[in-house]
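**Q** The structure is given below, and queries will be raised subsequently.
The values are calculated or read from the model by the stated rules, or taken from the named source; none is laboratory data. Remember, predicted model here, so these are calculated numbers, not experimental data. Positions of Cβ are generated from backbone atoms using ideal geometry, with glycine treated the same way; all protein chains shown enter the neighbour counts. Note: areas computed on protein heavy atoms with side chains; ligands, DNA, RNA excluded. Shrake-Rupley method; radii C 1.70, N 1.55, O 1.52, S 1.80 Å.
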Amino acid sequence: MHATRLRSLQALGIFCGFAAGAWLGGAEAPVKLVNPDISPITVSLIMVFGVFLARWSVPAFIRGTAHIRNDVRQAPHLIVWAVLAGCMWAVANTLTIYAIRNVGLSIAFPLWNTNSLIGIFWGFLLFNELRHAGWKRWLGVLGGALLMFGGATLLAIASSHQAAPGKAALGIFAALGAGVLWGTMYIPYRKAYLTGMNPLSFITFFTVGELVTITVLAVAYRGATPLWHELIGAKSVTFWLMLGGFLWVLGDLFQQYATKYVGISRGIPLSNTNQLWGLLWGILVFHELRGASQSVYTQVAGGSLLMALGAVAIALSSATEREHSCWQDAADREGQRYGIDDEYVRAGMEGREMNIQPVRGEGTGSSGGRTFLDWLLIVVTTGLFATLAVLAKFPHVDVALGWAAALTVAMLALLVTCGIALWRTTRFR
(Lines give C-alpha, C1' and ligand atoms only; values in the text may rest on other atoms or scores of the structure.)
Protein backbone atom coordinates (compact mmCIF):
# COMPACT_ATOMS: atom_id res chain seq x y z
CA MET A 1 0.00 0.00 0.00
CA HIS A 2 1.25 3.49 -0.80
CA ALA A 3 2.42 5.41 2.29
CA THR A 4 0.02 8.28 1.61
CA ARG A 5 -2.95 5.93 1.39
CA LEU A 6 -1.85 4.19 4.58
CA ARG A 7 -1.70 7.48 6.49
CA SER A 8 -5.11 8.48 5.13
CA LEU A 9 -6.73 5.23 6.23
CA GLN A 10 -5.13 5.39 9.67
CA ALA A 11 -6.37 8.96 10.18
CA LEU A 12 -9.83 7.81 9.11
CA GLY A 13 -9.67 4.88 11.55
CA ILE A 14 -8.76 7.23 14.41
CA PHE A 15 -11.67 9.53 13.54
CA CYS A 16 -14.02 6.54 13.42
CA GLY A 17 -12.80 5.45 16.84
CA PHE A 18 -13.70 8.79 18.42
CA ALA A 19 -17.09 8.82 16.68
CA ALA A 20 -17.70 5.28 17.94
CA GLY A 21 -16.98 6.41 21.49
CA ALA A 22 -19.63 9.12 21.27
CA TRP A 23 -22.39 6.85 19.96
CA LEU A 24 -21.53 3.83 22.10
CA GLY A 25 -21.55 6.13 25.10
CA GLY A 26 -24.93 7.61 24.27
CA ALA A 27 -26.50 4.25 23.47
CA GLU A 28 -26.69 3.15 27.09
CA ALA A 29 -28.40 6.35 28.26
CA PRO A 30 -31.95 5.21 27.30
CA VAL A 31 -31.56 2.29 29.75
CA LYS A 32 -31.72 4.87 32.55
CA LEU A 33 -35.25 5.77 31.42
CA VAL A 34 -36.59 2.27 32.06
CA ASN A 35 -38.44 1.08 35.13
CA PRO A 36 -35.96 -0.90 37.26
CA ASP A 37 -38.67 -3.51 37.92
CA ILE A 38 -38.21 -4.86 34.39
CA SER A 39 -35.82 -7.81 34.33
CA PRO A 40 -32.35 -7.00 32.91
CA ILE A 41 -32.61 -9.99 30.57
CA THR A 42 -35.85 -8.55 29.15
CA VAL A 43 -34.25 -5.14 28.78
CA SER A 44 -31.39 -6.73 26.85
CA LEU A 45 -33.81 -8.69 24.64
CA ILE A 46 -35.72 -5.57 23.63
CA MET A 47 -32.48 -3.72 22.94
CA VAL A 48 -31.33 -6.54 20.67
CA PHE A 49 -34.56 -6.24 18.70
CA GLY A 50 -33.58 -2.64 18.01
CA VAL A 51 -30.06 -3.77 17.15
CA PHE A 52 -31.41 -6.38 14.72
CA LEU A 53 -33.51 -3.83 12.86
CA ALA A 54 -30.63 -1.35 12.70
CA ARG A 55 -28.07 -3.88 11.51
CA TRP A 56 -30.16 -4.59 8.41
CA SER A 57 -31.72 -1.19 7.73
CA VAL A 58 -28.56 0.92 8.16
CA PRO A 59 -26.52 -1.05 5.55
CA ALA A 60 -29.58 -1.00 3.26
CA PHE A 61 -29.66 2.80 3.56
CA ILE A 62 -25.91 3.37 3.14
CA ARG A 63 -25.04 1.02 0.27
CA GLY A 64 -27.85 -1.44 -0.28
CA THR A 65 -27.63 -5.10 0.66
CA ALA A 66 -26.61 -6.40 -2.79
CA HIS A 67 -22.91 -6.23 -1.89
CA ILE A 68 -23.45 -8.80 0.88
CA ARG A 69 -23.76 -11.60 -1.69
CA ASN A 70 -20.30 -10.87 -3.08
CA ASP A 71 -18.74 -10.89 0.38
CA VAL A 72 -20.40 -14.19 1.23
CA ARG A 73 -19.16 -15.73 -2.01
CA GLN A 74 -15.59 -14.59 -1.37
CA ALA A 75 -15.38 -15.47 2.35
CA PRO A 76 -18.25 -17.74 3.43
CA HIS A 77 -16.37 -18.95 6.52
CA LEU A 78 -16.71 -15.48 8.04
CA ILE A 79 -20.46 -16.01 8.48
CA VAL A 80 -19.67 -18.47 11.27
CA TRP A 81 -17.25 -16.07 12.92
CA ALA A 82 -19.76 -13.22 12.68
CA VAL A 83 -22.50 -15.30 14.32
CA LEU A 84 -20.07 -16.34 17.09
CA ALA A 85 -19.17 -12.71 17.74
CA GLY A 86 -22.87 -11.87 17.96
CA CYS A 87 -23.38 -14.59 20.56
CA MET A 88 -20.61 -13.15 22.74
CA TRP A 89 -22.00 -9.65 22.37
CA ALA A 90 -25.47 -10.70 23.49
CA VAL A 91 -24.16 -12.21 26.73
CA ALA A 92 -21.90 -9.22 27.38
CA ASN A 93 -24.72 -6.74 26.76
CA THR A 94 -26.90 -8.54 29.30
CA LEU A 95 -24.12 -8.25 31.85
CA THR A 96 -23.90 -4.51 31.25
CA ILE A 97 -27.55 -4.10 32.27
CA TYR A 98 -26.75 -5.63 35.67
CA ALA A 99 -23.64 -3.44 35.90
CA ILE A 100 -25.52 -0.21 35.15
CA ARG A 101 -28.20 -0.98 37.71
CA ASN A 102 -25.78 -1.92 40.47
CA VAL A 103 -22.93 0.57 40.11
CA GLY A 104 -24.29 3.26 37.76
CA LEU A 105 -23.63 4.34 34.20
CA SER A 106 -20.68 6.61 34.89
CA ILE A 107 -18.83 3.87 36.79
CA ALA A 108 -19.79 0.75 34.82
CA PHE A 109 -18.54 2.11 31.50
CA PRO A 110 -14.83 2.28 32.36
CA LEU A 111 -14.91 -1.10 34.09
CA TRP A 112 -16.12 -3.01 31.04
CA ASN A 113 -13.77 -0.96 28.88
CA THR A 114 -10.97 -3.15 30.19
CA ASN A 115 -11.77 -5.01 26.98
CA SER A 116 -8.92 -2.87 25.59
CA LEU A 117 -6.39 -4.95 27.50
CA ILE A 118 -7.87 -8.18 26.16
CA GLY A 119 -7.96 -6.79 22.65
CA ILE A 120 -4.32 -5.68 22.74
CA PHE A 121 -3.29 -9.18 23.78
CA TRP A 122 -5.26 -10.89 21.01
CA GLY A 123 -4.11 -8.38 18.41
CA PHE A 124 -0.46 -9.06 19.20
CA LEU A 125 -0.82 -12.81 19.57
CA LEU A 126 -2.98 -13.60 16.54
CA PHE A 127 -2.72 -10.77 14.03
CA ASN A 128 0.87 -9.45 14.19
CA GLU A 129 -0.12 -6.11 15.65
CA LEU A 130 2.76 -4.19 17.31
CA ARG A 131 5.31 -6.41 15.55
CA HIS A 132 8.31 -4.23 14.52
CA ALA A 133 6.47 -1.26 16.01
CA GLY A 134 9.50 0.19 17.82
CA TRP A 135 10.01 0.88 21.50
CA LYS A 136 8.15 4.21 21.48
CA ARG A 137 4.96 2.62 20.25
CA TRP A 138 5.36 -0.30 22.64
CA LEU A 139 5.82 2.21 25.45
CA GLY A 140 2.70 4.08 24.37
CA VAL A 141 0.59 0.93 24.24
CA LEU A 142 1.86 -0.63 27.48
CA GLY A 143 1.89 2.69 29.34
CA GLY A 144 -1.63 3.38 28.15
CA ALA A 145 -2.75 -0.06 29.29
CA LEU A 146 -1.34 0.59 32.77
CA LEU A 147 -3.11 3.94 32.95
CA MET A 148 -6.38 2.29 31.98
CA PHE A 149 -5.91 -0.37 34.64
CA GLY A 150 -5.27 2.30 37.25
CA GLY A 151 -8.36 4.22 36.21
CA ALA A 152 -10.52 1.09 36.38
CA THR A 153 -9.22 0.41 39.90
CA LEU A 154 -10.15 3.90 41.09
CA LEU A 155 -13.64 3.56 39.66
CA ALA A 156 -14.13 0.16 41.26
CA ILE A 157 -13.27 1.67 44.64
CA ALA A 158 -15.66 4.56 44.04
CA SER A 159 -18.48 2.16 43.13
CA SER A 160 -18.55 0.72 46.64
CA HIS A 161 -19.72 4.13 47.91
CA GLN A 162 -22.48 4.54 45.32
CA ALA A 163 -24.05 1.09 45.05
CA ALA A 164 -26.60 -0.43 47.38
CA PRO A 165 -25.20 -2.72 50.10
CA GLY A 166 -24.21 -6.08 48.65
CA LYS A 167 -24.65 -4.89 45.06
CA ALA A 168 -21.26 -3.34 44.32
CA ALA A 169 -19.46 -6.66 43.85
CA LEU A 170 -22.15 -7.97 41.49
CA GLY A 171 -21.99 -4.82 39.37
CA ILE A 172 -18.18 -4.88 39.22
CA PHE A 173 -18.01 -8.55 38.22
CA ALA A 174 -20.76 -8.07 35.63
CA ALA A 175 -18.93 -5.12 34.06
CA LEU A 176 -15.57 -6.91 34.03
CA GLY A 177 -17.18 -10.05 32.58
CA ALA A 178 -18.64 -7.95 29.78
CA GLY A 179 -15.18 -6.53 29.16
CA VAL A 180 -13.64 -9.99 28.78
CA LEU A 181 -16.33 -11.08 26.33
CA TRP A 182 -16.15 -7.90 24.30
CA GLY A 183 -12.36 -8.04 24.18
CA THR A 184 -12.46 -11.59 22.83
CA MET A 185 -15.25 -10.68 20.42
CA TYR A 186 -12.78 -8.61 18.40
CA ILE A 187 -11.00 -11.74 17.16
CA PRO A 188 -13.78 -12.39 14.59
CA TYR A 189 -13.78 -8.66 13.75
CA ARG A 190 -10.10 -8.69 12.87
CA LYS A 191 -10.29 -11.99 10.98
CA ALA A 192 -13.08 -10.53 8.86
CA TYR A 193 -11.38 -7.28 7.97
CA LEU A 194 -7.93 -8.71 7.34
CA THR A 195 -9.50 -10.97 4.74
CA GLY A 196 -11.47 -8.21 3.04
CA MET A 197 -15.07 -8.43 4.28
CA ASN A 198 -17.00 -5.16 4.34
CA PRO A 199 -18.13 -4.09 7.85
CA LEU A 200 -21.64 -3.52 6.49
CA SER A 201 -21.77 -7.20 5.49
CA PHE A 202 -20.20 -8.48 8.71
CA ILE A 203 -22.73 -6.80 11.00
CA THR A 204 -25.73 -8.30 9.23
CA PHE A 205 -24.60 -11.82 10.12
CA PHE A 206 -23.34 -10.66 13.49
CA THR A 207 -26.89 -9.78 14.48
CA VAL A 208 -28.14 -13.34 13.86
CA GLY A 209 -25.93 -14.58 16.70
CA GLU A 210 -27.09 -11.70 18.89
CA LEU A 211 -30.81 -12.30 18.42
CA VAL A 212 -30.69 -16.09 18.74
CA THR A 213 -28.50 -16.04 21.85
CA ILE A 214 -30.44 -13.39 23.74
CA THR A 215 -33.76 -15.06 22.88
CA VAL A 216 -32.52 -18.40 24.23
CA LEU A 217 -31.17 -16.72 27.37
CA ALA A 218 -34.39 -14.80 27.97
CA VAL A 219 -36.67 -17.84 27.54
CA ALA A 220 -34.44 -20.03 29.70
CA TYR A 221 -34.13 -17.40 32.44
CA ARG A 222 -37.69 -16.07 32.55
CA GLY A 223 -39.81 -18.77 30.91
CA ALA A 224 -41.79 -18.24 27.74
CA THR A 225 -45.09 -17.13 29.30
CA PRO A 226 -43.69 -14.75 31.96
CA LEU A 227 -41.35 -13.29 29.36
CA TRP A 228 -44.22 -12.62 26.95
CA HIS A 229 -46.27 -10.91 29.68
CA GLU A 230 -43.28 -8.78 30.66
CA LEU A 231 -42.70 -7.75 27.04
CA ILE A 232 -46.35 -6.72 26.74
CA GLY A 233 -46.15 -4.82 30.03
CA ALA A 234 -43.02 -2.98 28.85
CA LYS A 235 -44.62 -1.54 25.70
CA SER A 236 -44.48 2.02 27.10
CA VAL A 237 -40.66 1.84 27.34
CA THR A 238 -39.97 -0.41 24.35
CA PHE A 239 -39.16 2.60 22.22
CA TRP A 240 -36.41 3.79 24.57
CA LEU A 241 -34.76 0.40 24.72
CA MET A 242 -34.92 -0.23 20.98
CA LEU A 243 -33.63 3.30 20.42
CA GLY A 244 -30.66 2.42 22.62
CA GLY A 245 -30.02 -0.63 20.44
CA PHE A 246 -30.24 1.47 17.29
CA LEU A 247 -27.81 4.06 18.63
CA TRP A 248 -25.44 1.29 19.66
CA VAL A 249 -25.35 -0.03 16.09
CA LEU A 250 -24.28 3.38 14.77
CA GLY A 251 -21.46 3.48 17.30
CA ASP A 252 -20.50 -0.11 16.61
CA LEU A 253 -20.38 0.55 12.87
CA PHE A 254 -17.79 3.28 13.42
CA GLN A 255 -15.95 0.91 15.76
CA GLN A 256 -15.89 -1.73 13.02
CA TYR A 257 -14.20 0.69 10.62
CA ALA A 258 -11.76 1.77 13.33
CA THR A 259 -10.84 -1.87 13.96
CA LYS A 260 -10.45 -2.44 10.24
CA TYR A 261 -8.09 0.47 9.54
CA VAL A 262 -6.07 0.86 12.77
CA GLY A 263 -6.32 -2.65 14.25
CA ILE A 264 -7.61 -4.04 17.54
CA SER A 265 -4.89 -2.59 19.75
CA ARG A 266 -5.66 0.96 18.57
CA GLY A 267 -9.31 0.73 17.55
CA ILE A 268 -10.67 -0.57 20.84
CA PRO A 269 -9.02 2.07 23.07
CA LEU A 270 -10.22 4.81 20.73
CA SER A 271 -13.81 3.60 20.85
CA ASN A 272 -13.48 3.25 24.61
CA THR A 273 -13.61 7.01 24.86
CA ASN A 274 -17.27 6.12 25.33
CA GLN A 275 -16.36 6.11 29.03
CA LEU A 276 -16.15 9.90 28.91
CA TRP A 277 -19.48 10.15 27.13
CA GLY A 278 -20.97 7.76 29.66
CA LEU A 279 -19.60 9.94 32.44
CA LEU A 280 -21.14 13.04 30.86
CA TRP A 281 -24.54 11.39 30.40
CA GLY A 282 -24.50 9.90 33.89
CA ILE A 283 -23.45 13.01 35.78
CA LEU A 284 -24.80 15.90 33.69
CA VAL A 285 -28.06 14.40 32.42
CA PHE A 286 -29.07 11.83 35.07
CA HIS A 287 -27.39 13.39 38.14
CA GLU A 288 -25.93 10.03 39.14
CA LEU A 289 -23.44 11.34 41.67
CA ARG A 290 -25.71 13.96 43.23
CA GLY A 291 -25.05 14.13 46.96
CA ALA A 292 -21.84 12.15 46.76
CA SER A 293 -18.81 13.22 48.75
CA GLN A 294 -15.94 15.16 47.25
CA SER A 295 -13.70 12.08 47.46
CA VAL A 296 -16.11 10.05 45.31
CA TYR A 297 -16.19 12.78 42.67
CA THR A 298 -12.40 12.86 42.75
CA GLN A 299 -12.12 9.09 42.34
CA VAL A 300 -14.60 8.95 39.45
CA ALA A 301 -13.12 11.95 37.64
CA GLY A 302 -9.55 10.82 38.26
CA GLY A 303 -10.25 7.25 37.18
CA SER A 304 -11.96 8.36 33.99
CA LEU A 305 -9.15 10.80 33.22
CA LEU A 306 -6.50 8.12 33.69
CA MET A 307 -8.34 5.72 31.39
CA ALA A 308 -8.83 8.44 28.79
CA LEU A 309 -5.13 9.33 28.88
CA GLY A 310 -4.26 5.67 28.47
CA ALA A 311 -6.54 5.38 25.46
CA VAL A 312 -4.99 8.49 23.87
CA ALA A 313 -1.46 7.17 24.44
CA ILE A 314 -2.38 3.91 22.70
CA ALA A 315 -4.14 5.70 19.86
CA LEU A 316 -1.16 7.97 19.17
CA SER A 317 1.09 4.93 18.79
CA SER A 318 0.10 4.60 15.14
CA ALA A 319 1.28 1.67 13.06
CA THR A 320 4.52 2.09 11.10
CA GLU A 321 4.97 0.79 7.56
CA ARG A 322 7.00 -2.14 8.93
CA GLU A 323 4.23 -3.04 11.35
CA HIS A 324 1.63 -2.72 8.62
CA SER A 325 3.62 -5.16 6.50
CA CYS A 326 3.19 -7.63 9.37
CA TRP A 327 -0.56 -7.02 9.18
CA GLN A 328 -0.35 -7.90 5.51
CA ASP A 329 1.46 -11.12 6.40
CA ALA A 330 -1.40 -11.98 8.77
CA ALA A 331 -3.91 -11.15 6.02
CA ASP A 332 -2.06 -13.38 3.54
CA ARG A 333 -2.09 -16.18 6.11
CA GLU A 334 -5.83 -15.84 6.63
CA GLY A 335 -6.45 -15.68 2.89
CA GLN A 336 -4.42 -18.82 2.20
CA ARG A 337 -6.02 -20.68 5.08
CA TYR A 338 -9.53 -20.13 3.74
CA GLY A 339 -8.77 -19.94 0.02
CA ILE A 340 -9.74 -16.29 -0.45
CA ASP A 341 -8.89 -14.37 -3.61
CA ASP A 342 -5.73 -12.25 -3.14
CA GLU A 343 -7.26 -9.23 -4.86
CA TYR A 344 -10.26 -9.38 -2.52
CA VAL A 345 -7.93 -9.36 0.51
CA ARG A 346 -5.81 -6.47 -0.81
CA ALA A 347 -8.85 -4.41 -1.81
CA GLY A 348 -10.32 -4.81 1.66
CA MET A 349 -7.15 -3.65 3.39
CA GLU A 350 -6.83 -0.65 1.05
CA GLY A 351 -10.47 0.40 1.41
CA ARG A 352 -11.40 0.06 -2.28
CA GLU A 353 -13.49 -2.09 -4.56
CA MET A 354 -12.06 -5.20 -6.23
CA ASN A 355 -10.50 -4.69 -9.66
CA ILE A 356 -12.41 -7.58 -11.18
CA GLN A 357 -15.57 -7.88 -13.23
CA PRO A 358 -18.58 -8.74 -11.03
CA VAL A 359 -20.88 -11.64 -11.72
CA ARG A 360 -23.64 -10.76 -14.19
CA GLY A 361 -26.70 -9.24 -12.55
CA GLU A 362 -25.14 -8.72 -9.12
CA GLY A 363 -23.32 -5.42 -9.47
CA THR A 364 -20.16 -4.41 -7.68
CA GLY A 365 -21.72 -3.84 -4.31
CA SER A 366 -21.20 -0.10 -4.50
CA SER A 367 -23.72 2.39 -3.24
CA GLY A 368 -26.68 3.38 -5.35
CA GLY A 369 -27.81 -0.16 -6.18
CA ARG A 370 -30.65 -0.39 -3.68
CA THR A 371 -33.36 -2.92 -4.36
CA PHE A 372 -37.00 -3.18 -3.38
CA LEU A 373 -35.91 -5.23 -0.35
CA ASP A 374 -33.61 -2.42 0.78
CA TRP A 375 -36.36 0.17 0.65
CA LEU A 376 -38.74 -2.22 2.37
CA LEU A 377 -36.28 -2.63 5.26
CA ILE A 378 -35.91 1.13 5.56
CA VAL A 379 -39.64 1.86 5.46
CA VAL A 380 -40.64 -0.94 7.86
CA THR A 381 -37.96 0.01 10.40
CA THR A 382 -38.88 3.69 10.25
CA GLY A 383 -42.59 2.92 10.60
CA LEU A 384 -42.05 0.59 13.55
CA PHE A 385 -39.93 3.11 15.45
CA ALA A 386 -42.46 5.86 14.74
CA THR A 387 -45.28 3.67 16.10
CA LEU A 388 -43.33 2.79 19.22
CA ALA A 389 -42.50 6.46 19.76
CA VAL A 390 -46.23 7.29 19.79
CA LEU A 391 -46.87 4.58 22.38
CA ALA A 392 -43.86 5.54 24.50
CA LYS A 393 -44.16 7.34 27.82
CA PHE A 394 -41.45 9.52 29.24
CA PRO A 395 -40.77 8.15 32.73
CA HIS A 396 -40.66 10.24 35.85
CA VAL A 397 -36.90 10.59 35.90
CA ASP A 398 -34.93 13.67 36.86
CA VAL A 399 -33.29 14.50 33.54
CA ALA A 400 -31.44 17.68 32.54
CA LEU A 401 -32.96 18.19 29.10
CA GLY A 402 -30.60 21.02 28.20
CA TRP A 403 -27.52 18.86 28.69
CA ALA A 404 -29.21 15.96 26.91
CA ALA A 405 -29.86 18.19 23.88
CA ALA A 406 -26.28 19.49 23.87
CA LEU A 407 -24.78 16.00 23.97
CA THR A 408 -27.17 14.84 21.23
CA VAL A 409 -26.14 17.70 18.93
CA ALA A 410 -22.45 16.85 19.49
CA MET A 411 -23.11 13.20 18.63
CA LEU A 412 -24.97 14.13 15.46
CA ALA A 413 -22.12 16.41 14.39
CA LEU A 414 -19.66 13.53 14.75
CA LEU A 415 -22.01 11.22 12.87
CA VAL A 416 -22.27 13.53 9.87
CA THR A 417 -18.61 14.53 9.63
CA CYS A 418 -17.26 11.01 10.11
CA GLY A 419 -19.82 9.59 7.69
CA ILE A 420 -18.74 12.08 5.04
CA ALA A 421 -15.06 11.22 5.66
CA LEU A 422 -15.80 7.50 5.27
CA TRP A 423 -17.67 8.10 2.02
CA ARG A 424 -14.99 10.30 0.50
CA THR A 425 -12.10 8.05 1.48
CA THR A 426 -13.48 4.53 1.04
CA ARG A 427 -17.10 4.75 -0.19
CA PHE A 428 -17.88 2.77 3.00
CA ARG A 429 -15.64 -0.04 1.86
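**Q** Kindly sort ARG322, ARG63 by accessible area of their heavy atoms, largest first, with the probe set to 1.4 Å.
**A** ARG322, ARG63
**Q** Just the accessible area for HIS77, please: 1.4 Å probe, Å², rounded to the nearest 10?
**A** We get 40 Å² for HIS77.
**Q** Which one of ALA392, ALA92, ALA82 has the biggest mean-square fluctuation once the chain is modelled by GNM with Cα springs under 10 Å?
**A** ALA392
**Q** May I pose another question? From the square roots a ≥ b ≥ c of the eigenvalues of the alpha-carbon gyration tensor of the stretch 122-271, which class results: rounded (a/c under 1.5), prolate (a/b over b/c), or oblate?
**A** oblate
**Q** Could you calculate the contour length gain from TRP228 to THR153, that is, 0.36 nm times the residue separation minus the distance between their Cα atoms, to one decimal place in nm? Spell out each step's value before the answer.
**A** On the way: separation 75, 0.36 × 75 = 27.00 nm, distance 3.95 nm.
Additional length available on full extension: 23.0 nm.
**Q** Given a 1.4 Å probe and heavy atoms of the protein chains only, how would you sort HIS287, HIS324, largest accessible area at the top? Working shown, then result.
**A** Details: HIS287 50, HIS324 15 Å².
Sorted by accessible area, descending: HIS287, HIS324.
**Q** Next question, about the same structure. Pairs of alpha-carbon atoms within less than 8 angstrom and 6+ residues apart define the contacts here; what relative contact order does the chain have, in percent? Numbers along the way, then the final one.
**A** Working: 731 pairs, mean separation 155.7, N = 429.
Across the chain, relative contact order equals 36 percent.
**Q** For the chain, set up a Gaussian network in which alpha carbons nearer than 10 Å are linked by springs, and say which option among ALA108, ALA347, ALA178 fluctuates the most.
**A** Looking only at ALA108, ALA347, ALA178, the largest GNM fluctuation is found for ALA347.
**Q** Nothing charged except the Cβ atoms of Lys and Arg (+1) and of Asp and Glu (-1): what's the magnitude of the dipole of the stretch 289-350 about its Cα centre? Round to the nearest 20 debye.
**A** With only Lys, Arg, Asp and Glu charged at Cβ, the dipole is about 640 debye.
**Q** Of all accessible surface on the chain at a 1.4 Å probe, what whole percent is carbon and sulfur? Could the numbers behind the result be given before it?
**A** Numbers: 11860 of 17120 Å².
Carbon and sulfur: 69 percent of the exposed surface of the chain.
**Q** How much length, in nm to one decimal, is gained on full extension between ILE420 and TRP403, taken as 0.36 nm per residue of separation minus their Cα-Cα distance?
**A** Full extension from ILE420 to TRP403 adds 3.5 nm.
**Q** Eight or more residues apart or on different chains, and alpha-carbon atoms under 25 Å: count the Lys pairs in the chain matching that.
**A** 6
**Q** Leaving out ligands and nucleic acids, and using a 1.4 Å probe, what accessible area per residue does the chain come to in Å²?
**A** Spelled out: the 1.4 Å probe surface of the chain, per residue, equals 40 Å².
**Q** How long is the gain from ARG5 to THR387 if the chain were fully straight, where each residue apart is worth 0.36 nm and the alpha carbon distance is subtracted? The partial results should precede the final answer.
**A** Numbers: separation 382, 0.36 × 382 = 137.52 nm, distance 4.49 nm.
Between ARG5 and THR387, full extension yields 133.0 nm more.
**Q** With the dipole of the chain worked out from charges on the C-beta (+1 for Lys and Arg, -1 for Asp and Glu) around the Cα centre, which of PRO395, HIS67, GLY177 lies farthest toward the positive end?
**A** So the residue we want is HIS67.
**Q** Mind checking which of TRP122, CYS418, ILE187 is farthest towards the positive end of the chain's charge dipole, using Cβ charges of +1 (Lys, Arg) and -1 (Asp, Glu) about the Cα centre?
**A** It is CYS418.
**Q** Treat every Asp and Glu Cβ in the stretch 120-274 as -1 and every Lys and Arg Cβ as +1, leave all other atoms uncharged, and give the resulting dipole magnitude about the Cα centre to the nearest 20 debye. Don't skip to the end; give the middle numbers.
**A** On the way: 10 positive and 4 negative charges, 75 e Å.
Approximately 360 debye in magnitude.
**Q** Please give the calculated 222 nm ellipticity per residue for the chain, where each DSSP H segment of at least 4 residues contributes -39500 (n - 2.57) and the sum is spread over every residue; nearest 500 deg cm²/dmol?
**A** Taking each H run of at least 4 residues, the total per residue is -26000 deg cm²/dmol.
**Q** What per residue convex hull volume, in Å³, do the alpha-carbon atoms of the chain yield?
**A** 132
**Q** Membrane-span-like helices in the chain: DSSP H runs reaching 24 Å or more (Cα, own axis), mean Kyte hydropathy at least -1.0? Walk me through the numbers before you get to the answer.
**A** Working: long enough: 3-27 (36 Å, 0.87); 40-62 (32 Å, 1.76); 78-103 (36 Å, 1.49); 135-162 (40 Å, 0.79); 168-194 (40 Å, 0.99); 199-222 (33 Å, 1.43); 238-262 (36 Å, 0.72); 294-316 (33 Å, 1.37); 321-338 (26 Å, -2.14); 372-391 (29 Å, 2.11); 401-426 (37 Å, 1.58).
The qualifying helices are 3-27, 40-62, 78-103, 135-162, 168-194, 199-222, 238-262, 294-316, 372-391, 401-426.
**Q** Under a point-charge model restricted to the Cβ atoms of Lys and Arg (+1) and Asp and Glu (-1), what is the dipole moment magnitude of the chain relative to its Cα centre, in debye to the nearest 20?
**A** Numbers: 30 positive and 21 negative charges, 66 e Å.
Roughly 320 debye for the chain.
**Q** In addition: Which of THR204, THR184, THR381 moves the most in a Gaussian network model of the chain with Cα springs under 10 Å?
**A** Of THR204, THR184, THR381, the Gaussian network model singles out THR381 as fluctuating most.
**Q** Largest first, how would LEU227, LEU384, LEU142 line up by accessible area (1.4 Å probe)?
**A** Working: LEU227 10, LEU384 70, LEU142 95 Å².
If we order LEU227, LEU384, LEU142 from most to least accessible, we get LEU142, LEU384, LEU227.
**Q** GLN294 versus TYR338, label points 7 Å from Cα toward the beta carbon: distance in nm?
**A** 5.6
**Q** Could I ask something else about it? Compute the signed sum of charges (Lys and Arg +1, Asp and Glu -1) over the other residues within less than 11 Å, Cβ to Cβ, of LEU316. Present the calculation step by step, with values, prior to reporting the outcome.
**A** Details: positive: LYS136, ARG137, ARG266; negative: none.
Local charge sum for LEU316: +3.
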